[in-house]
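Q: A single structure is presented below for examination.
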Amino acid sequence: MTIDIRSPLLERFLRYVQIGTSADPSSETYPSSSSQLVLTKLLHEELLAMGLRDCVLDEHGMVWATIPASSQEFADAPMVLLNSHVDTSPEAPGTNVKPHVIDSFDGKPIKLGSSGVVIDPASCSDMANLIGKTLVVTDGTTLLGGDDKAGVAVIMQLASLLTNKQEEECKIQHGPVRILFTCDEEIGQGTRHITLEKLATHSLGDQPIAPLVGYTLDGGDQGQIDEETFSADMAIVRFKGSNIHPAIAKGRMINAVRAAAMFVDLLPTDRFSPESTEGREGFLHPYDLHAGVGEATVQLILRDFDEARLHEYKLLLERIGEEVTLQMPGLQIDVETREQYRNMAAGIAKLPEAVQYAEDAYKALGVSCQRTIVRGGTDGSLLTAMGLPTPNLSVGQHNIHAVTEFACLDQMVLAVEHLAELLKRWAKHGVGVS
Ligand SMILES: [Zn+2]
């Protein structure tokens with residue numbers, strides 16, 4: 001690739017991260033914060049200026065656009081969806097982001113502005129491979145928002161590259177590409193307003209064309225192809241006690257505060273907890289408790305790569321509930337579970353090329369890669385469940401959801417080059433050729 005993508009990509013990324021877009025979990029609206037619309041409006045304008053057709057900022061604030069095939073020869077190639085989310089995690093402050101560029105990382109601890117916060121390479125194993133690379137860090141008071149503005153900037157830079165008519169000698173061969181920027185991924189709402197019908201475009205001919213494969217650009221480091229996510233349920237455990245004035249409570253009061261505390265205490269901690277598990281191990285995680293004497297509620301998330309085990313976790317919660325009621329006769333406990341998302345492995349396995357071509361594209365660039373699993377979910381989990389196999393790809397995010405977050409420009413550049421190679425493979429080989 002002879003076009004310089006490094007400086008425009010950095011300029012783009014710095015511009016996007018300075019627009020604070022924290023998702024708000026307490027909001028009922030979509031998007032949950034109006035600041036996300038500031039960024040999606042800007043992305044919409046920038047895509048229109050690139051001359052993309054079918055470029056829409058919809059009523060929910062999501063941005064959709066289509067890039068036609070590079071030539072008639074590839075017009076019938078499978079359409080590829082590229083997706084990133086514009087919101088940032090509510091778990092760390094996200095407004096007034098002041099990015100700082102380190103041109104060449106020297107391997108030493110990085111002091112973040114005057115905040116007193118330090119990124120210590122000893123506590124971030126990725127950093128050993130980043131010496132000499134360009135990093136973007138914060139001033140230590142906010143997150144950076146590379147999750148997922150690194151993905152947004154990578155897709156935008158690719159769109160700019162694919163629509164750059166002046167640089168014919170660098171022309172990347174590709175089939176039709178669909179672009180989608182979503183809101184509120186961080187609070188589990190990224191795909192709330194997406195349907196397969198909306199993913200299809202009417203702009204390329206008489207018949208609507210739908211993507212055959214999708215990629216979320218929302219991964220850490222480089223060379224990782226996430227092909228599995230957790231399967232996820234949430235559980236709401238309700239305790240109904242009996243309240244009465246403490247003066248006359250003997251033999252009559254059933255205190256739901258004590259019941260909820262006992263329940264949480266009986267949950268396993270040496271296994272099946274986030275604090276004691278890693279890799280493919282699942283867990284139950286109590287994350288919220290509201291308690292009064294008459295009523296209490298404990299909310300948990302249940303996670304496992306094996307969907308069937310989620311039911312076993314529910315049975316475990318019910319058994320613990322029975323133990324509590326044995327000690328507190330008259331107490332009522334109800335365990336309700338709600339589905340959140342499912343492991344995308346089975347859906348992705350239906351289209352092996354989705355991961356195969358991503359691997360081939362890294363190999364073509366001389367970059368080692370791994371198939372990886374996510375101890376969480378992505379918008380790709382939900383898109384895959386809808387019938388669109390959607391692995392997740394690396395875009396150079398590090399230490400996400402924290403004020404020590406940083407992004408690596410070199411890895412973002414690689415992500416753009418990787419997408420170009422990946423699109424070439426879908427254009428030339430389509431489905432069924434390995
Ligand atoms: Zn993300």
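The values are calculated or read from the model by the stated rules, or taken from the named source; none is laboratory data. This is a predicted model, so every value here is computed, not measured. As a convention, Cβ positions derive from the backbone with ideal geometry for all residues, glycine included, and neighbour counts pool all protein chains shown.
Q: State whether the residues of the range 296-305 include one that is crowded, with 20+ Cβ neighbours inside 10 Å and within 16 Å of the ligand (Cβ to nearest atom). Please lay out each step first, then the result.
A: Narrowing the range 296-305 to residues crowded, with 20+ Cβ neighbours inside 10 Å: 296, 298, 300, 302-304.
Then drop every residue that is not within 16 Å of the ligand (Cβ to nearest atom), which leaves none.
There is no residue in the range 296-305 that is crowded, with 20+ Cβ neighbours inside 10 Å and within 16 Å of the ligand (Cβ to nearest atom).
Q: Same structure again: I'm told PHE406 meets every condition in (1) touching a Lys or Arg at 6+ places or on another chain (Cβ under 9 Å); (2) more than 13 Å from the ligand (Cβ to nearest atom) except one. Can you identify the failing condition by its number?
A: With (1) touching a Lys or Arg at 6+ places or on another chain (Cβ under 9 Å); (2) more than 13 Å from the ligand (Cβ to nearest atom) applied to PHE406, the lone miss is (1).
Q: Among the residues of the range 57-97, write down those that are within 16 Å of the ligand (Cβ to nearest atom), hydrophobic (A, V, I, L, M, F, W, C) and surrounded by fewer than 21 Cβ atoms within 10 Å (Cβ to Cβ). Steps first, answer last, please.
A: Let us first name the residues in the range 57-97 that are within 16 Å of the ligand (Cβ to nearest atom), namely 62, 82-92, 94, 97.
Subset that is hydrophobic (A, V, I, L, M, F, W, C): 62, 82, 86, 92, 97.
Listed by number, the list holds a single entry, ALA92.
Q: Could you please give the count of residues in the range 274-295 that are more than 26 Å from GLU227 (Cβ to Cβ) and either among the β-branched types (Val, Ile, Thr) or surrounded by fewer than 16 Cβ atoms within 10 Å (Cβ to Cβ) (or both)?
A: In the first step, residues of the range 274-295 are kept if they are more than 26 Å from GLU227 (Cβ to Cβ); the result is 275, 286-295.
Keeping just the survivors that are either among the β-branched types (Val, Ile, Thr) or surrounded by fewer than 16 Cβ atoms within 10 Å (Cβ to Cβ) (or both) gives 275, 287-288, 290, 292-293.
Total satisfying the criteria: 6.
Q: Is there any pair linking a residue in the range 178-200 that is among the small types (Gly, Ala, Ser) to one that is within 16 Å of the ligand (Cβ to nearest atom) and assigned to a loop (DSSP other than H, G, I, E, B), with Cβ under 8 Å and at least six apart or on different chains, and which?
A: As it stands, the answer is GLY188/GLY377; GLY190/CYS183; GLY190/ASP184, since those pairs meet every condition given.
Q: A further question on this structure: Only one of these is in a strand (DSSP E or B) and closer than 26 Å to HIS174 by Cβ: GLY205, GLY219. Name it. So that I can check it myself, show each step before the final result.
A: Values: GLY205 fails: in a strand (DSSP E or B).
After ruling out the rest, the residue left standing is GLY219.
Q: If you check GLY377 against the conditions, is it closer than 15 Å to ASP226 by Cβ and either buried (at least 20 other Cβ atoms within 10 Å of the Cβ) or not assigned by TED's automatic domain parsing to the domain that holds ARG192 (or both)? Before you say what the answer is, go through the steps one by one.
A: Values: closer than 15 Å to ASP226 by Cβ: yes; either buried (at least 20 other Cβ atoms within 10 Å of the Cβ) or not assigned by TED's automatic domain parsing to the domain that holds ARG192 (or both): yes.
So GLY377 fits the description; yes.
Q: Mind listing just one residue for me: the one in the range 195-226 that is of a type in the set (Val, Ile, Thr) and either within 16 Å of the ligand (Cβ to nearest atom) or at pLDDT 95 or above (or both) and, of those, farthest from the chain's Cα centre (by Cα)? Before the answer, list the steps.
A: Initial filter on the range 195-226 (of a type in the set (Val, Ile, Thr)): 195, 201, 209, 213, 216, 225.
Now narrow it down to the ones that are either within 16 Å of the ligand (Cβ to nearest atom) or at pLDDT 95 or above (or both): 213, 216, 225.
Values: VAL213: 17, THR216: 8, ILE225: 13 Å.
Taking the candidates together, the pick is VAL213.
Q: Filter the strands (runs of 3 or more DSSP E) completely within the range 316-417 down to those with at least 1 residues that are at positive phi. Break it down into steps so the answer makes sense when it comes.
A: Numbers: elements: 332-341, 370-374, 392-398, 406-408.
In the range 316-417, 392-398 are the strands (runs of 3 or more DSSP E) which contain 1 or more residues that are at positive phi.
Q: Just one of (1) without any contact (Cβ under 8 Å) to a residue 24 or more places away in the chain; (2) buried (at least 19 other Cβ atoms within 10 Å of the Cβ) trips up TYR16, so point out which.
A: Failing condition for TYR16: (1).
Q: Report the residue count in the range 143-191 for those that are farther than 30 Å from VAL118 by Cα, of a type in the set (D, E, K, R) and either within 16 Å of the ligand (Cβ to nearest atom) or part of a helix (DSSP H, G or I) (or both).
A: 2
Q: For the range 372-390, name all the residues that are away from the ligand (no atom under 13 Å from the Cβ) and hydroxyl-bearing (Ser, Thr, Tyr).
A: Those that are away from the ligand (no atom under 13 Å from the Cβ) and hydroxyl-bearing (Ser, Thr, Tyr): THR372, THR384, THR390.
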